[in-house]
Amino acid sequence: MHRSGTSFCVRSLQIRGINLPGNLLPAANDNPDGFQEPAELVALNERLLSYADGLWDASWPLQSTKSPELIKRIGCELQSLLNQWCLKSESDIRKTSSKQLLALKDPRLCRTLPLLYPCLEPGHCKWGIAIIREPNAVVASLLERNGDDMSPLKGFALWMRYNLDMVKCRSINPQISDWPIISFETLLKDAPGTLQPILKQWDNKGLFVEHQPEQELISKTAKSVPDRLSGLPKHWLELGQKFHSCLRESQTLNDVPKSVIQAVEQWLETTPELSHELLALEARRRAHLAEALAAERAKHVLSWRNL
C-alpha cells in the first residue's frame, strides 16, 4: 500500500546487498530519500490499472476481463524488462561468487500482480516481502500528500483494498503465500532485527544474499499522527482494526485468517453506504478538477486577448 514504508524497506534491503534496477523515479517532497521504483514498472502498472478500469486510488475491484489482450501485452513487456534487468544485475556483480536478488518495488503490485503473473516466470515471484502500516497513519500521510483529492473515508477504503488484494495474491502461487509480513513501525524501530530473520530464511532456502560492508540507515521515528478516522462509522473502524491486528499477528500471507479476508471483501463490495459515499466523493473531485481546468483555460484566454 502507498505510504506504508515500502521505500524505507527497500533501502534497508539495498544496504544489505540487494540490487535495484536502473532508471528509478527521482526523489520528491513527499519522499526525499527516493521511491526506489523503476519508472518503467510504474508506467506499466499505471497502464494496466487503466485497462482494468482502475487507477492507483481506485478502491473497487479491477475488471481483469475487460482488455485481456492488452493486459497480456503489458505482462510480456514486464517479462522482457525483467530479463534485461536481471542480465544487467548479473553483469554488475559478476565479480562476486553468487547471484544477488533484484528487488522490484511498486505499491501498485498489490493490485496488479494477479494480472501480470501469468506472463512471468514462476521464479520471479519466489521471494517477496509484504509490508503493512497502521491505517490511520497511512490515511494521514495520504491526506498530507494528496490534499483535496483524498478524504479519510477514501484513504481508509484504499488501505482496506490494497491490503486485501495483497493478501489474496497468496492464491496465485504457494511461493507467494510464504512471503513474510512485516510492520513498518517495527521496521523503523529495528531494521536489522526485523530483516535478518527473513534473510536467514532465504539463505536456508537457497537464496544467498551477499552482505555488503555494514551500513546503517539514518534512524527514524514514526510520527505521531492525528486521528483522521474518528468520523467514520464505529463498526467500519472496528473491522479495519481487526484486519490490521490479523496482519500484524500473521507471519506470512498464508497465515491471515480467511474469515477476516471475507469480511473485508464483503464490506468493500456489498456495503451500499460505502459505495454511495465513495461515488459522491469522486463526483465532487471531478467537479473540482473541471472547475480548476475551466479557470485555467479562462486565464489563458484573457492572456491571449491582452496581447
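Taken over the stretch 93-116, the criterion of being modelled with pLDDT under 90 and among the hydroxyl-bearing types (Ser, Thr, Tyr) is satisfied by Thr96, Ser97, Ser98. For residues that are part of a loop (DSSP other than H, G, I, E, B) and in contact (Cβ under 8 Å) with a residue 12 or more places away in the chain, tally how many sit in the stretch 234-265. Total meeting the criteria: 3. All conditions but one from (1) out of contact with any Pro (no Cβ under 7 Å at 6 or more places or on another chain); (2) surrounded by 15 or more Cβ atoms within 10 Å (Cβ to Cβ); (3) assigned to a loop (DSSP other than H, G, I, E, B) apply to Asp33; the one that does not is (2). The set of residues in the stretch 64-78 being hydroxyl-bearing (Ser, Thr, Tyr) and either surrounded by 13 or more Cβ atoms within 10 Å (Cβ to Cβ) or in a helix (DSSP H, G or I) (or both) consists of Ser64, Ser67.
From Leu268, Leu195, Leu278, grab the single residue that is touching a Ser or Thr at 6+ places or on another chain (Cβ under 9 Å), modelled with pLDDT of 95 or more and assigned to a helix (DSSP H, G or I). One residue alone meets the criteria, Leu268. Taken over the stretch 198-244, the residue count meeting the criterion of being modelled with pLDDT of 90 or more and within 22 Å of Leu164 (Cα to Cα) is 14. Residue by residue through the stretch 36-63, note down the ones that are surrounded by 15 or more Cβ atoms within 10 Å (Cβ to Cβ) and among the aromatic types (Phe, Trp, Tyr). Hits for the stretch 36-63 are Tyr51, Trp56.
The values are calculated or read from the model by the stated rules, or taken from the named source; none is laboratory data. Values in this document were obtained by computation on a predicted structure and should not be read as measured data. Using ideal geometry, Cβ is built from the backbone for each residue, glycine included, and neighbour counts are taken over all protein chains shown.
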